[in-house]
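Notes for the one structure printed next.
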Amino acid sequence: MKLHTAVENIAKGSYDEILVEDGFYILKIQNDTKDHQVIERDIDSSFIQFHFCLKGKSLFNFNEGNYQLAVTEENSLLLYNTQKDLPLNLIVSPNSWLLSVVMTIRKFHSLFSNEADYIPFLSEDNKEKKYYSQEMVSPAIAVVLSQLMNYNLHPSIKKLYIKGKVYELISLYFNKTEEADLEQCPFLADEDNVRRIKMAKEIMISRMAEPPTLAELSTEIGLSLKKLKEGFKQIYGDSVYGFLFDYKMEYARKMLETGKHNVNEVGLKVGYSTASHFITSFKKKYGTTPKKYLTSNT
């Protein structure tokens, strides 16, 4: 994947490309800055694309910017055109997260070979046509997206976990029965509960140096402690403080990589009163000290 800065106020961003299996990968795009980011990647006509916006907004440019499609928070965009390449030319707004699933059409057909009539653009009449679709993200899909963006797993099972979740995501995308979503998790079928849990996550991130206790957090978002713990785990795949720890370490790592801050400054920014405590936590997460990490990446 290539990042470009064609416009002065557009900055480089954070992204991750994960190969699920041959001809099948996901892109995790997180713009936690105050600037717009441009992301470009070649994708030819042999691929089908699913783009899910978890928060914020992204704008897809086609035909050298002559045609644009926006995907906003909690919405998805499907792109399929066997006659024309659809390279990724994406402007990601500040504080926006996007998860994309890209696979070859051949791979995609193999998933639904016995269900072609169920998927509109897989039918015999449509298989050579272009197909664009924008849809709201269901609560069940929102859960899987969050789990793909945030997980705390042993490296040996990470690949298997991601593969399973991506297959679950595609299955839910084409499962149009509302009952299925409700059966997955009654708690998450309640949009107000999901909104409150998302609020809890934003609170923890915004106050990561001095986070509230779980009791204070549950009071602030208006959910019982039990629902807060269970709901947070279901949506983000980790406990509240487990999620916060991972977020703080990732934030610290990015700060260190800028070369503008020393270890003490970074530790204080993410809530550690002493450098030694920060170093211990960083080593727990990344298996090395901040200083050695920087040395290995220069």
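The values are calculated or read from the model by the stated rules, or taken from the named source; none is laboratory data. No experiment lies behind these values; they were computed from the predicted model shown. When we count neighbours, we look across all protein chains shown, and the Cβ atoms used for this are built from the backbone with ideal geometry, even at glycine.
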Legend entry - Output for segment 27-81, where each listed residue is more than 12 Å from the chain's Cα centre (by Cα) and at positive phi: ASN63, GLU64, GLY65
Inset, instruction - Please specify each residue of segment 148-163 satisfying the condition of being surrounded by 14 or more Cβ atoms within 10 Å (Cβ to Cβ) and modelled with pLDDT of 85 or more. - result: LEU148, MET149, LYS159, TYR161, ILE162, LYS163
Legend entry - Subset tally (residues that are in a strand (DSSP E or B) and within 19 Å of TYR247 (Cβ to Cβ)) for segment 38-58: 2
Inset, instruction - Take segment 54-95 and flag every residue that is among the hydroxyl-bearing types (Ser, Thr, Tyr) and under 18 Å from GLN134 (Cα atoms). - result: SER58, TYR67, THR72, SER76, TYR80
Legend entry - Test set (1) at pLDDT below 90; (2) in contact with an Asp or Glu (Cβ under 8 Å, 6 or more places away or on another chain) - LYS292 fails condition number: (2)
Inset, instruction - Answer yes if at least one residue in segment 261-271 is within 26 Å of the chain's Cα centre (by Cα), in contact (Cβ under 8 Å) with a residue 12 or more places away in the chain and at positive phi, and no otherwise. - result: yes
Inset, instruction - Considering only residues that are at pLDDT below 85 and of a type in the set (Phe, Trp, Tyr), look in segment 164-187 and name the one that is surrounded by the most Cβ atoms within 10 Å (Cβ to Cβ). - result: PHE187
Inset, instruction - With respect to LEU244, determine if the residue is of a type outside the set (Gly, Ala, Ser), modelled with pLDDT of 90 or more and under 19 Å from the mean Cα position of the chain (by Cα). - result: yes
Inset, instruction - Exactly one condition in (1) modelled with pLDDT of 90 or more; (2) of a type outside the set (Asp, Glu); (3) buried (at least 17 other Cβ atoms within 10 Å of the Cβ) is not met by HIS277; state its number. - result: (3)
Legend entry - All positions within segment 201-248 that are surrounded by fewer than 19 Cβ atoms within 10 Å (Cβ to Cβ) and of a type in the set (A, V, I, L, M, F, W, C): ILE203, ILE205, MET208, ALA209, LEU214, ALA215, LEU225, PHE245
Legend entry - Test result for ILE10, within 22 Å of THR258 (Cα to Cα), surrounded by 14 or more Cβ atoms within 10 Å (Cβ to Cβ), in the same structural domain as PRO139 (by TED's automatic domain parsing) and at pLDDT 85 or above: no
